[in-house]
Amino acid sequence: MKYYAPLVFLFLFAATSCKSSSEFTGFDYDPEGGNITTDREINSQNIRTIGSSVDGVWISNEFTGARINDISRLGKDHYLLTVKPENSPINHSSWYGFKIWSDDPKAVTLELDYPQSRHRYSPKISVDDGKTWVSISETDHTFTGATENSKATITLDVSPDAILVSAQELQTSEQYSIWENNMMQKPFVQKSVAGSSHQGRSVSLLKIAERSVQPQKGVIIVYSRQHPPEVPGYIAGLIFLEQIAGDSDLAKEFRQYFDVWAFPLMNPDGADNGHWRHNAGGVDLNRDWIQFNQPETTAVRDALLPLLNRPNRKVFYGIDFHSTGSNIFYPIDRDVNTLPLHFTYDWYDALTAALPDIPVRIQSFDTTSPIAKNWTYHTFGSDAVTFEVSDTMNGPKLNEYAETAAEIFMGKMIEAYHAEFSPAVSSE
């Protein structure tokens, strides 16, 4: 099988990048102008705790990852919570997060209002300050869903013990650091700082790289959390990396042939500020993979480009973890020659066969849009996928899905490695 040299790929990408960036106006679900990646002003929320002395009810956004812009009392134990995005135009990924408690036990009714958007995420609740989370459907509380005017209504039993309510479970840079430190207990997991976000938070590069006798190893690139509310995809990515760094015979074999370069939390500012989609520059990071106007995408690009000059490393694949309305694989079109060829389609077929009770669909795209998957292909010639996880997937089902995806991925990627390198090794 013939592959082009990396410099040829860079030349082809440079020759077409101006055309692509000027002609791409967004996907059908993008708002008009949502692909512009120069800095735009952010509308910061007012951080405060608002209480009703009449009802003795208190609502707060004074914690990392919160978002509530205004609160007004509609009647006895009845409140309107206004939620606005960090700026616009923006996708309808309407993130919210708040704490609520009361002087005395009672039931309260909360209306979530999105003047510039509509409701998307069914509430998640924590009664132990974010240690564990459950969907509201699993509690005694009620959620009536969204109405035509974009409001959603929640009924909660509150008390002096605060309840956390959020669009998805809170996963901030603090939680990521804890996970990262646990991963680094493995001797073959190393952390470096690829760069800094707009607000000075670290964009971490986590490498899973075990000593090997192989003269050449493949590299898997993992991107995640470009869009802050897409927590199920982010968690799936963490589980995926845990499996690769695990103690199974398959994982040990995989690490003999492959290194993993992962950027698990690419948008720490957005995650910590409760953003709907953008970074602190007001930009969708997954539309900035041609122009590289943002510090986060620039840091990741610059950390990866040295791989082009390492003859003992070859990029085999890129995975970009996201969340949307359902489980979807977005591969590169079949008619595009990648290394490995058609890997995503083979992986998808094996995964859906292994998990027939978890619906997953597949929809291919061309390589012209300015997203991470396409940059990976244009830069390294490798196959890549946008791995979308359903907004509603969590708990044991999410674990099963991510773990099975990782196991199948490792097995098939080992096969791809041997198909690429075994003839050369056996002829020595």
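Readers should treat all values here as calculations from the given coordinates under stated rules, not as data from a laboratory. Everything quoted here is computed from the prediction, not taken from an experiment. Quick reminder, even Gly has a Cβ in these numbers, built from the backbone with ideal geometry, and neighbours come from all protein chains shown.
On full extension of the chain, what length is gained from residue 104 through residue 302, given 0.36 nm per residue of separation minus the C-alpha to C-alpha distance? Can you show the working numbers first?
Values: separation 198, 0.36 × 198 = 71.28 nm, distance 5.47 nm.
Answer, rounded to one decimal: 65.8 nm.
Between residue 116 and residue 312, what is the label-point separation in nm under the 7 Å Cα-to-beta-carbon projection?
Result: 5.1 nm between the two label points.
What are the extents of the Cα atoms of the chain along their three principal axes, listed from largest to smallest and rounded to whole Å?
If we take the Cα atoms of the chain, the spans are 83, 47, 38 Å.
Which listed residue (163, 139, 93) has the Cα farthest towards the positive end of the charge dipole for the range 49-166, taking +1 on Lys and Arg C-beta and -1 on Asp and Glu C-beta about the Cα centre?
Value: 93.
As a quick test, which of the pairs 131/412; 124/252; 131/373; 373/397; 106/131 have an alpha carbon distance above 31 angstrom in this structure? List each step's numbers first, then the result.
Working: 131/412 36 Å; 124/252 36 Å; 131/373 33 Å; 373/397 26 Å; 106/131 24 Å.
Distance filter (> 31 Å) returns 131/412; 124/252; 131/373.
How much length is gained on full extension from residue 127 to residue 80, taking 0.36 nm per residue of separation minus their Cα-Cα distance? Before the final figure, lay out the partial values.
Working: separation 47, 0.36 × 47 = 16.92 nm, distance 2.18 nm.
Additional length available on full extension: 14.7 nm.
Return the FRET efficiency for the residue pair residue 53, residue 400: r is the Cβ-Cβ distance, R0 is 41 Å, and the value is rounded to the nearest 0.05. Numbers along the way, then the final one.
Values: r = 48 Å, r/R0 = 1.18.
For R0 = 41 Å, the calculated efficiency reads 0.30.
For the chain, take the longest principal axis of its alpha carbons; what is the angle in degrees between that and the long axis of helix 173-183, to the nearest 10 within 0 to 90?
Roughly 40 degrees between the two axes.
Report P(r) for the range 211-310: all Cα-Cα distances, bin width 10 Å, range 0 to the bin holding the largest distance, values in whole percent.
With 10 Å bins starting at 0, P(r) equals 14, 38, 30, 16, 2.
Can you tell me which of 252, 217, 314 moves the most in a GNM of the chain? Springs connect C-alpha atoms under 10 Å apart.
Maximum fluctuation in the GNM of the chain, among the listed residues, is at 252.
Could you order the peptides 293-301, 123-131, 262-270 from most to least packed, using the average number of other C-beta atoms within 10 Å per residue?
Values: 293-301: 22.3, 123-131: 16.3, 262-270: 27.3.
Ranking, from highest mean packing down: 262-270, 293-301, 123-131.
Between the helical axis of 343-354 and the dominant principal axis of the chain, each derived from Cα atoms, what acute angle in degrees is found, rounded to the nearest 10?
Relative to the chain, helix 343-354 is tipped by roughly 60 degrees.
Would you mind classifying the range 276-329 by shape? Square roots of the alpha carbon gyration tensor eigenvalues, ordered a ≥ b ≥ c; an a/c under 1.5 is rounded, otherwise it is prolate if a/b is larger than b/c and oblate if not. Intermediate results must be reported in sequence, preceding the final value.
Values: a/c = 3.56, a/b = 1.35, b/c = 2.64.
Judged from the Cα gyration tensor, the range 276-329 comes out oblate (a/c at least 1.5, b/c at or above a/b).
Are there GluC sites (Glu not before Pro) in the range 121-190 that DSSP puts in a loop and that have at most 11 other Cβ atoms within 10 Å, and which ones?
Numbers: sites: 138, 148, 169, 174, 180; in loops: 148, 169.
Within the range 121-190, the qualifying GluC sites (Glu not before Pro) (loop, at most 11 other Cβ atoms within 10 Å) are 148.
Taking 2.2 N^0.38 Å as the expected size of a compact globular protein, what ratio does the Cα radius of gyration of the range 331-416 give against it, to two decimals?
Details: Rg = 13.5 Å, N = 86, 2.2 N^0.38 = 12.0 Å.
For the range 331-416, the normalised Cα radius of gyration comes out at 1.13.
Taking a quarter of the surface of the Cα convex hull of the range 42-200, what do you get in nm²?
11.3 nm²
Take the Cα of residue 43, step 7 Å along the line toward its Cβ, and report every residue of the range 263-280 whose backbone nitrogen sits under 19 Å from that point.
Residues passing the 19 Å test: 270-271, 273-280.
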